[in-house]
Amino acid sequence: MLWLFAAIWSALGLVGMAQSLIYADTGDLGAAVVHAVLHDGLPWEIWIPATPMILRRAALPGTLRRRRLLENVGLALALSVAFGVTNGVLGHLVRRSVDPDTLFGAIRMGVIDSLPLQPLVYAGVLATGIAIDAARRRREAELGRAQLETQLVSAQLAALRAQLQPHFLFNTLNAAVALARAGDAAATARVLILLGDLLRQLLRSDAPQEVPLRDELALLETYLEIQRVRFGERLQIGWAVADDVRDALVPQLVLQPLVENALQHGISPRSRAGRLDITAARHGDRLRLAVCDDGPGIAPGFSIADARGVGLRNTRERLHRLYGERGDLALASDGARTTAAIVLPLRTEARHA
């Protein structure tokens, strides 16, 4: 920053030198230039080392309170006197061969000339420092508030995900228990092995809120493998995932509650086979994920906000927390198929070489 202060005060010195040269006697241009440099330009360089000191004082608490105000007044007068002394000494050196004034007289005149202006210069630097410090404090306060809000949202998202995980795991364990009671040891073992794979992925302490869609689909395939063991040929699954969205970021466990809801209400209540279709595609600058089943549909007047389970409600809440109005979950039925559809901003996973 010192180079910036040097540039500013040197510019003011150049202005003073230009004024001096305008009114100088053009008969002796060399002497006029020397006088302008020493008398009207060089004294401004005193403010270069003084400026950082003034700015540091401006950042102190209570800068304008009585004690600190008196300190600033004293420092302003001291710098003004120093400016005047420098001005007087250099002016005397220029004029001493032709001017009968003594050195003391030149210094006295330099101080008198500097006192009206130089305290105002100090006040301007101090006011600038106070404004800069106030802006810095405002930025820090805004950053602190933003960090607190981010921490709060992260805590809320973690709580919502923590609610989903036990719900998901208990339902999967119930499937294993049902198979065990039916005496199907091989199927029970298969479910427990797959459940172990899921647990390793879900219970990571560093699990991010968002994962690439391809990872979410891999997790979902493991979950559906468990459900295939449970439902057998009664469960038919269709996938329609566009290749250009597989790297898109989605909330972890965003599809599983939708699939679980479709299995519970669309496939499980009936004895005949049912179909589940999972789709993912780009819609403009958004990603649309959908889970469709051909079950009996939803009851008239059904609302996700009034749902008794935590899966759909928590999924919608997570979308709102992460994406605001750009993320949502809707449930609709046309009599033949029920569709749970998610929309969220389409963002691609960052690639690193």
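Within region 102-141, restricting attention to residues that are of a type outside the set (S, T, N, Q) and not in a helix (DSSP H, G or I), which residue is surrounded by the fewest Cβ atoms within 10 Å (Cβ to Cβ)?
Residue satisfying both the conditions and the ranking: PRO116.
Could you check VAL94 against (1) of a type outside the set (Gly, Ala, Ser); (2) part of a helix (DSSP H, G or I); (3) surrounded by fewer than 11 Cβ atoms within 10 Å (Cβ to Cβ); (4) at pLDDT below 70 and say which number it fails?
The failed condition is (3).
Would you tally the residues in region 239-268 being assigned to a strand (DSSP E or B) and without any contact (Cβ under 8 Å) to a residue 60 or more places away in the chain?
3
Given the conditions (1) modelled with pLDDT under 70; (2) in a helix (DSSP H, G or I), which single one is not true for ARG204?
Every condition holds for ARG204 apart from (2).
I'm trying to understand the selection: among the residues of region 314-342, which are farther than 29 Å from ARG272 by Cα and either of a type in the set (Lys, Arg) or touching a His at 6+ places or on another chain (Cβ under 7 Å) (or both)?
Those that are farther than 29 Å from ARG272 by Cα and either of a type in the set (Lys, Arg) or touching a His at 6+ places or on another chain (Cβ under 7 Å) (or both): ARG316, ARG318, ARG321, ARG326, GLY327.
Can you go through GLU325, GLU317 and tell me which one is without any contact (Cβ under 8 Å) to a residue 24 or more places away in the chain, more than 20 Å from ARG214 (Cβ to Cβ) and in the same structural domain as VAL211 (by TED's automatic domain parsing)?
Criteria check complete, one pass: GLU325.
Does any residue in region 192-206 that is of a type outside the set (S, T, N, Q) come within less than 7 Å, Cβ to Cβ, of a residue that is surrounded by 15 or more Cβ atoms within 10 Å (Cβ to Cβ) and at pLDDT below 70 six or more places away or on a different chain, and which pairs are these?
LEU202/GLN165
Could you run through region 245-293 and say how many residues are within 12 Å of THR339 (Cβ to Cβ) and crowded, with 18+ Cβ neighbours inside 10 Å?
11
Run down THR172, THR128 and say which single residue is over 30 Å from VAL259 (Cβ atoms) and either touching a helix residue (DSSP H, G or I) at 6+ places or on another chain (Cβ under 8 Å) or at pLDDT 75 or above (or both). Quick ask: steps written out before the conclusion?
Numbers: THR172 fails: over 30 Å from VAL259 (Cβ atoms).
None of the other options fit; the residue is THR128.
Which count do you get for residues in region 311-331 that are surrounded by fewer than 18 Cβ atoms within 10 Å (Cβ to Cβ), of a type in the set (D, E, K, R) and in a helix (DSSP H, G or I)?
The number of residues fulfilling the criteria is 3.
It is to be established whether one or more residues within region 146-155 are among the acidic types (Asp, Glu) and at pLDDT 65 or above. Steps first, answer last, please.
Step one: list which residues in region 146-155 are among the acidic types (Asp, Glu), which gives 149.
The next check asks that each one be at pLDDT 65 or above; those that pass are none.
Within region 146-155 (the criterion being among the acidic types (Asp, Glu) and at pLDDT 65 or above), the answer is no, since none of the residues qualifies.
Quick one: would you say ALA305 is part of a strand (DSSP E or B) and in contact with a helix residue (DSSP H, G or I) (Cβ under 9 Å, 6 or more places away or on another chain)?
No, not satisfied.
It is to be established whether one or more residues within region 227-238 are modelled with pLDDT under 85, surrounded by 22 or more Cβ atoms within 10 Å (Cβ to Cβ) and not charged (D, E, K, R).
yes
The values are calculated or read from the model by the stated rules, or taken from the named source; none is laboratory data. Because the structure is a prediction, the values reported are computed rather than measured. Glycine also receives a Cβ, built like all others from the backbone with ideal geometry; neighbour counts cover every protein chain displayed.
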